[in-house]
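Below: the structure, in structure tokens.
Where a number appears in this text, it was derived from the coordinates with a stated rule and is not lab data. Keep in mind that this is a model prediction, so the values were computed, not measured. Cβ sites come from the backbone with ideal geometry, for glycine too, and all protein chains shown count toward neighbours.
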Amino acid sequence: MGNENSGRWRSPDAKTTVEECHSIDILSWSRGRQMRPGSCYTGSWEWLRPRTGDVANMMHYSIELLCNPHVRVHYQGPRGEFQACCVDVVSTCPNYGGLRWWFLCPAIVGSRACQRRVRKLYLAPGQKSFACRRCSDLCYTSQREDDMTRALSKAQAIRVRLGGSAAISPSFPPKPKRMRWKTYRLLRARSEELWMESLSAALGRSFPPAGDAV
């Protein structure tokens, strides 16, 4: 998903956040049954701007899980130019059975490939290739947010997880097809709770106690 900058002032030395990047999550492909050993799969993905809902970038990808498992992604670079990236993938066997898939970070650090096993890869603003969070030197928005913004961001993340927009004003997203009603109700209740927390924090910040008034 691609995010716009919030418009808030930030220090020029502040790190880029993962929320400002385009990302790919191999777990979402596993849940969609696209990571089946011995298979090939092609598809596309759109990163949307949370404020407007319009397309920020589009990715076409192919997943090949044959003798040399890898993923190829095609997307637009920072200047609109065509870019392609090939990422190796590996699997591990969790204790509860099945397979868990991982990307091997393709970034070159010094003269060596990172090859760190990660669930997510990020395309940072101005960056041409995907890399893991460490190689891209990213942080999470929550690491530099106040209480109000942190609660609001979590509420927005729940809406996006359910397939909706990050904007709070539209109606709450409907239940995804494969999600249990119990899970959906818990997520909706949590989103509303976080929204109220952000409002409370905003009011507390805007209206200080009378004893603090100048």
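Structure summary
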quantity	calculated
Solitary cysteines of the chain, where the nearest other Cys Cβ is not under 4.7 Å	CYS21, CYS40, CYS67, CYS85, CYS86, CYS93, CYS135, CYS139
Convex hull volume per residue for the chain, taking Cα atoms only, in Å³	180
Filter on LYS128/LYS177; LYS154/LYS175; LYS15/LYS175; LYS15/LYS128; LYS154/LYS182 - keep pairs with C-alpha separation over 23 Å	LYS128/LYS177; LYS15/LYS175
Residue-averaged [θ]222 nm for the chain, counting only DSSP H segments that reach four residues, each worth -39500 (n - 2.57)	-7500 deg cm²/dmol
GluC sites (Glu not before Pro) restricted to DSSP loop in segment 5-107 with at most 10 other C-beta within 10 Å	GLU81
Loop-located chymotrypsin sites (Phe, Trp or Tyr not before Pro) in segment 24-107 whose Cβ has at most 16 other Cβ within 10 Å (DSSP)	TYR96
Extension gain (nm, one decimal) between CYS40 and HIS60, 0.36 nm per residue minus Cα-Cα	5.8 nm
